[in-house]
Amino acid sequence: MKNGTVTTKVVTGPGWELRLGDCLDPNTGLASLERGSVSATIADPPYSSGGLSSGARARSTGEKYSSAQKPCPNFPGDNRDQRSFTSWAWRWLAACRDASSARGRLAVFTDWRQLPAITDAIQWADWIWRGTGAWAKPLGASRPRAGGLWNGVEFIPWASAGPMPQAGQSDCYAPCLPGLFQAAAPKGAARVHQTQKPDEVLERLVELAPPGDLVCDPFAGSGTTGVAAIRRGRRFVGWEKSPEIFEVACSRLRAARPQ
Ligand SMILES: C[S@@+](CC[C@H](N)C(=O)[O-])C[C@H]1O[C@@H](n2cnc3c(N)ncnc32)[C@H](O)[C@@H]1O
């Protein structure tokens with residue numbers, strides 16, 4: 001964090017820090033990170049999806065994303081219309097870009113409805129859009145669409161802050177991760193957030209940062225990115241706006257160990 005900035009509730013552990021609050025808070029949010037300090041930004045924002053009309057989007061996250069087998073807390077910030085979602089995404093993506101190192105990478109989760117909006121916002125924020133990966137859920141696991149295609153995929157557009165390394169360049173860290181991640185959503189006791197991502201997907205994505213470098217997640221939720229960063233030997237900073245979900249994430253982060 002820059003010197004002299006205001007602090008909020010912050011819980012820390014070895015190599016990780018989770019802040020309670022809005023990632024766009026001018027004092028305690030992304031703007032308080034040292035410029036150039038982040039090697040990988042992995043974001044799973046509220047999609048503001050789950051409906052084609054504003055009335056449908058205004059429902060609680062529990063009503064919209066009801067595939068979780070057990071009740072988990074609702075979360076805020078999921079009711080924006082298309083235009084306000086895009087301009088809001090531009091704001092936090094630009095703040096992430098400011099905090100990114102020159103070699104930094106970005107990966108953002110989204111769904112089919114918001115893919116065009118988020119890829120616009122990535123480019124507006126001065127990231128260089130490089131491609132779109134996908135998280136494919138097991139066939140039949142969610143969102144059947146009779147008469148159409150099964151929407152069992154979430155998308156992961158990714159970007160770089162600057163030029164990409166040349167393949168085989170010996171002095172640079174350059175993993176090549178799969179563009180398709182096949183994994184089931186967490187179930188049973190492991191399921192603690194309505195839109196929790198699978199640990200195994202995040203454990204690969206944090207490899208976008210070299211070992212020991214800083215991974216940032218502006219929308220930590222249950223802390224999956226942070227848990228993956230700890231397990232894979234990266235440092236972590238994240239934000240979570242819901243106090244209830246923040247406590248869930250803190251518990252998971254405290255229990256995580258390098259593997
Ligand atoms: C899609 S969920 C992230 C789920 C997470 N990837 C996981 O595996 O548990 C988005 C989270 O962002 C939080 N959130 C919403 N608006 C926020 C904001 N402005 N700043 C920080 N967190 C926010 C929500 O409370 C929610 O928990």
Selection from TRP124, PRO157, ALA136 lying farthest towards where the dipole of region 70-165 points positive, charges on Cβ: ALA136
Report, in debye and to the nearest 20, how large the dipole of the chain comes out about its Cα centre when Lys and Arg carry +1 and Asp and Glu carry -1 on their Cβ. 420 debye
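Hey, what's the Kirkwood Rh for region 174-214 if you take every pair of different alpha carbons, in angstrom? Don't jump to the answer; show the numbers that get you there.
Values: mean 1/r = 0.0848 Å⁻¹.
Mean inverse Cα-Cα distance, inverted, gives 11.8 Å.
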Cut-off 20 Å (backbone N to label point 7 Å along Cα→Cβ of ARG254), residues of region 188-229: 189-193, 220-229
Which FRET efficiency, nearest 0.05, do CYS172 and ARG35 yield, Cβ-Cβ r, R0 22 Å? 0.55
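Kindly point out which whole DSSP H helices in the chain project their C-alpha atoms 15 angstrom or further along the helix axis while averaging a Kyte-Doolittle hydropathy of -1.0 or above.
Values: long enough: 82-99 (26 Å, -0.51); 243-255 (18 Å, 0.23).
Counting only whole DSSP H runs, the qualifying helices are 82-99, 243-255.
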Taking 8 Å as the Cα distance limit and 6 or more residues as the minimum spacing, I'd like the relative contact order of region 151-259 as a percentage. 20 percent
Counting other Cβ atoms within 10 Å, keep those with at most 16, restrict to DSSP loop, and tell me which chymotrypsin sites (Phe, Trp or Tyr not before Pro) in region 165-232 are left. TYR173
Defining a contact as two alpha carbons under 8 Å apart and six or more residues distant in sequence, what relative contact order in percent does region 22-120 show? 45 percent
Please compute P(r) over all alpha-carbon pairs of the chain, binned at 10 Å starting from zero, and give each bin as a whole-number percent. 7, 31, 40, 18, 3, 0
Given a 10 angstrom Cα cut-off, can you work out which residue in LEU18, LEU30, LEU177 is the most mobile in a GNM of the chain? LEU177
Using DSSP to call loops (not H, G, I, E or B), can you name the trypsin sites (Lys or Arg not before Pro) in region 84-181 whose Cβ has at most 15 other Cβ atoms within 10 angstrom? ARG145
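Below 8 Å between Cα atoms, with a sequence gap of 6+, how large is the relative contact order for the chain in percent? Before the final figure, lay out the partial values.
Working: 538 pairs, mean separation 63.5, N = 259.
Contact order relative to length: 25 percent.
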Computed on alpha carbon atoms, what radius of gyration and Dmax characterise region 12-163, expressed in Å? 16.5, 51
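No lab work stands behind these numbers, since they all come straight from the coordinates. A quick note: this is a predicted structure, and the numbers were derived from the prediction, not measured. Using ideal geometry, Cβ is built from the backbone for each residue, glycine included, and neighbour counts are taken over all protein chains shown.
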